[in-house]
């Protein structure tokens, strides 16, 4: 069993909050995104948050630091869009390895700094593997339902490159997150298993799907239980949900997977639902009050925040986690 697996038997672990929300506070301009190195890049780069690991590394390190100070045990790398598929929007496919490696290295340096200060509370880094901006299960063309913008093999190759770089950069965990299409996730998991086999390593894997509406299904149409069943053949550290919904709306779906899963469970919801301006209004106290139900019902082992959450939210969530026992596993976890 991994080191983190042993800790999860003893207590609830806290994941960080939103990277994008924190980076918005810096109000970076197009020039800030470019830095000197990409001053003449032909495409607009503002909005490519992953690139900031190269052009504004101090800001990325500072965000990680703030989350650890707030009580997080795990921070996610700044690599949500770190595949050649997503980076094609900026013509930056060739930078994918470097972006992932540097993002992992920055996060790991900060994690090690905190672990040295508090050896009894080791800090971990999860390599964030986002869903990409293409889907393998659905057609983007309503007039051609059989069309696919990407193949399983293309997804697997892109994920494999990302996974190799994240591991080289020093991540402790691989987090396949915000899954709206389980076929995309399967490509990522297949890539991870391939890399693990080739390298003879055994990095723990977290999987986190996203329920997109009140029907309780992923965008590709799966219920929470179907999603769980379709990925349970892989040895995972945890399965859970993030994004899309606020904490309260996520509860019934967490209840389903908590009752059925042989793995640890995780939840990092948004700070409520977005308002008319796309902003998140839920205060740290409001969010923590709603997440209390997860803990009182014994639904989770790992909790954190997604869109709209900040170190202030994570601080309240960490206080909650301190006062509750983790969800017991029905059977021995991988």
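Worth pointing out:
- Two-decimal Rg to Rh for region 223-295 - Kirkwood Rh, Cα set: 1.03
- The order of 281, 181, going from fewest to most other C-beta atoms within 10 Å of their C-beta, is 281, 181.
- Extension gain, residue 112 to residue 277, is 55.6 nm, computed as 0.36 nm per intervening residue step minus the present C-alpha separation.
- Here the spin labels are modelled as points 7 Å beyond Cα on the Cα-Cβ line, and at residue 121 and residue 322 they lie 0.7 nm apart.
- Packing-based ranking, highest mean first, of 26-32, 158-164 given that Cβ atoms within 10 Å are counted: 158-164, 26-32
- Percentage relative contact order, the chain, counting C-alpha pairs under 8 Å, at least six apart: 20 percent
- Taking a ≥ b ≥ c as the square roots of the eigenvalues of the alpha-carbon gyration tensor, region 207-334 is classed oblate because a/c is 1.5 or more while a/b is no larger than b/c.
- Label positions at residue 89 and residue 39, each projected 7 Å from the Cα along the C-beta direction, are separated by 2.7 nm.
- Cα gyration tensor category, rounded, prolate or oblate, for region 165-250 with a/c compared to 1.5: prolate
- Label-zone membership for region 297-316, site residue 285, 7 angstrom Cα→C-beta point, backbone N under 14 Å: 313, 316
- In terms of its Cα atoms, region 267-334 spans 45, 22, 18 Å along the principal axes, sorted from long to short.
- Counting only Cα atoms, the size of the chain along its three principal axes is 53, 50, 49 Å, in decreasing order.
- Annotation: Cα Rg of region 151-190 relative to the compact-globule expectation 2.2 N^0.38 Å equals 1.15.
- Sorting 243, 306 by the number of Cβ atoms found within 10 Å of their own Cβ, with the fewest placed first, yields 243, 306.
- Structural descriptor for region 191-238: relative contact order 36 percent, calculated from alpha carbon pairs under 8 angstrom and at least 6 residues apart.
- The slack in the chain from residue 193 to residue 69, taken as 0.36 nm per residue of separation less the alpha-carbon distance, amounts to 41.3 nm.
- Neighbour-count ranking [beta-carbon atoms within 10 angstrom, fewest first] of 233, 64, 262, 253: 233, 262, 253, 64
Every number here is computed from the coordinates shown, using simple stated rules; none is lab data. Predicted model only: the values in this text are computed from it and were never measured. Cβ sites come from the backbone with ideal geometry, for glycine too, and all protein chains shown count toward neighbours.
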